[in-house]
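Peer 1: Have a look at this one before I ask anything.
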Amino acid sequence: MIFKLLSPWLLFWVSCTAQKSPPPEFVGPVCDKPPCTRRVIKVKMYIEDSLWDRMVREARGDPTELIGKQMDIIFSRVNKHLKNLDNGGFKVDFARDVVKLNRSEIVLEDTYVDRINGNKTTKVDPTNIFSHTFTFQEAVQKLPDRYSTDLRILFIPERGPDPTLATSEETCICNPDWFGCIAVFSIRFIDNWGHHQAVFAHEIGHALGMDLHDDQFYTSNPNDQLLMWSGIGFRAFIWSPEAKRRINNQDNSCLAKEIPSSNIVFPDD
C-alpha cells in the first residue's frame, strides 16, 4: 500500500506516457559487486489488544509462545521471497520479541491525520485498517527511540468491509527524514497467520523501495505471480525487474549485514 500521493495529472501522465512491458518471468537474484551479503531488517512486533486476547483463549494462558510460532511461520515464508532480491537479498529478524499493544511504549491518540483524505483530522475507526495505520504511525513518530529498529509491525485481526489486508509506509527503511517506518498486517485465520505471506512480503517490498505497483509497468499478471502487483496472488513469487530496480536504487545500507554461521565463534567449554 502506497502512502505517497500523486496528483491526478501525474498519474495520467505515468499511465499514458510509459509503454507497458509484457509480464516478466522469474529471474534469480544477481550480485553486482561480490561478495553480496543478505541485509537484516530488525523488526519489532506489536499485537493489537483484541487479537492478543483471542490468542490468550487459543493458548489457554500466556500466548507469547503460540504467537512466536506463528511469527516463525510468517517470516520463514516472507524471507524466502526477500532472499530472491538482488545483491544478497534481505531477511526479517524479530527474535520472537512480541508485545501486546496496550502494554507497549506505543500511545495511541483518538484522532489522526488522514493522509489519503486531504490530511483531514479524523476520529479513530477500529474497523478501518488505514485508521490503525496512521494512528500507529503517528505514535511511532513520537517515540524517543524511533530509530532503534528498522521497521515496526502492528498485527490486527481482519475486520471491516475494506478488502485491504495490509499497509506499509513506502520507501521508509533507512530513510530517517521520511514518515515513521511501519506496517500493519491483518490476520484472517487465527491458527494460520502465514496465510497471506505474499501480501506481507509485498508490503515489505514497498518499505524497501518499490514505491509503485507492477500494474503501472506490465500489461498483465498471468497466474497472479507478481509480488508487487496491486492485487497480490496467494502464490505470488516473482519480483519484477522494475521492483528490483527501485529496491536496488534505494539506499538500504543502514541495514546490518547477516553474519554467516561459519563466521560465528563459540567460546570454549
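Peer 1: Checking F130 against (1) under 18 Å from W52 (Cβ atoms); (2) free of Cβ contacts under 8 Å to residues at least 40 places away in the same chain, which single condition isn't satisfied?
Peer 2: (1)
Peer 1: Another one. If I filter segment 52-73 for residues that are within 23 Å of L227 (Cβ to Cβ), open to solvent by 70 Å² or more (accessible area, probe 1.4 Å) and in contact with a helix residue (DSSP H, G or I) (Cβ under 9 Å, 6 or more places away or on another chain), do I get at least one hit?
Peer 2: no
Peer 1: Return yes or no: is S253 outside any helix (DSSP H, G or I), at pLDDT 95 or above, in contact with a helix residue (DSSP H, G or I) (Cβ under 8 Å, 6 or more places away or on another chain) and among the hydroxyl-bearing types (S, T, Y)?
Peer 2: Considered against the rule, which asks whether it is outside any helix (DSSP H, G or I), at pLDDT 95 or above, in contact with a helix residue (DSSP H, G or I) (Cβ under 8 Å, 6 or more places away or on another chain) and among the hydroxyl-bearing types (S, T, Y), S253 comes out as no.
Peer 1: Quick check on D177: is it at pLDDT 95 or above, within 23 Å of M228 (Cα to Cα) and of a type in the set (D, E, K, R)?
Peer 2: Against the criterion (at pLDDT 95 or above, within 23 Å of M228 (Cα to Cα) and of a type in the set (D, E, K, R)), D177 does not qualify.
Peer 1: While we're here: Please go through (1) loosely packed, with under 15 Cβ neighbours inside 10 Å; (2) under 18 Å from the mean Cα position of the chain (by Cα); (3) over 22 Å from A95 (Cα atoms) for Y147 and return the number of the only condition it doesn't satisfy.
Peer 2: (3)
Peer 1: For segment 221-255, how many residues are of a type in the set (G, A, S), in contact (Cβ under 8 Å) with a residue 24 or more places away in the chain and surrounded by fewer than 21 Cβ atoms within 10 Å (Cβ to Cβ)? Reasoning before the result, please.
Peer 2: Going residue by residue through segment 221-255, those that are of a type in the set (G, A, S) are 230-231, 233, 236, 240, 243, 253.
With in contact (Cβ under 8 Å) with a residue 24 or more places away in the chain added as a condition, the list becomes 233, 236, 240, 243, 253.
From what is left, the residues that are surrounded by fewer than 21 Cβ atoms within 10 Å (Cβ to Cβ) are 233, 253.
Going through segment 221-255 one residue at a time, the tally reaches 2.
Peer 1: Which residue, of F136, F155, F189, is farther than 28 Å from E25 by Cβ, assigned to a helix (DSSP H, G or I) and not hydroxyl-bearing (S, T, Y)?
Peer 2: Exactly one of F136, F155, F189 is farther than 28 Å from E25 by Cβ, assigned to a helix (DSSP H, G or I) and not hydroxyl-bearing (S, T, Y), namely F136.
Peer 1: Do we find that A243 is in contact with a Gly (Cβ under 7 Å, 6 or more places away or on another chain), of a type outside the set (D, E) and at pLDDT 95 or above in this structure?
Peer 2: It is true that A243 is in contact with a Gly (Cβ under 7 Å, 6 or more places away or on another chain), of a type outside the set (D, E) and at pLDDT 95 or above.
Peer 1: Out of everything in segment 151-184 that is farther than 13 Å from F134 by Cα and among the aromatic types (F, W, Y), what residue ends up being surrounded by the fewest Cβ atoms within 10 Å (Cβ to Cβ)?
Peer 2: This residue is W178.
The values are calculated or read from the model by the stated rules, or taken from the named source; none is laboratory data. What you see is a predicted model; the values in this text were computed from it and never measured. Cβ coordinates were reconstructed from backbone atoms using ideal geometry, including for glycine residues, and neighbour counts include every protein chain displayed. Each accessible area value is taken on the protein alone, full model and side chains, heavy atoms only, with ligands, DNA and RNA left out. Shrake-Rupley method; radii C 1.70, N 1.55, O 1.52, S 1.80 Å.
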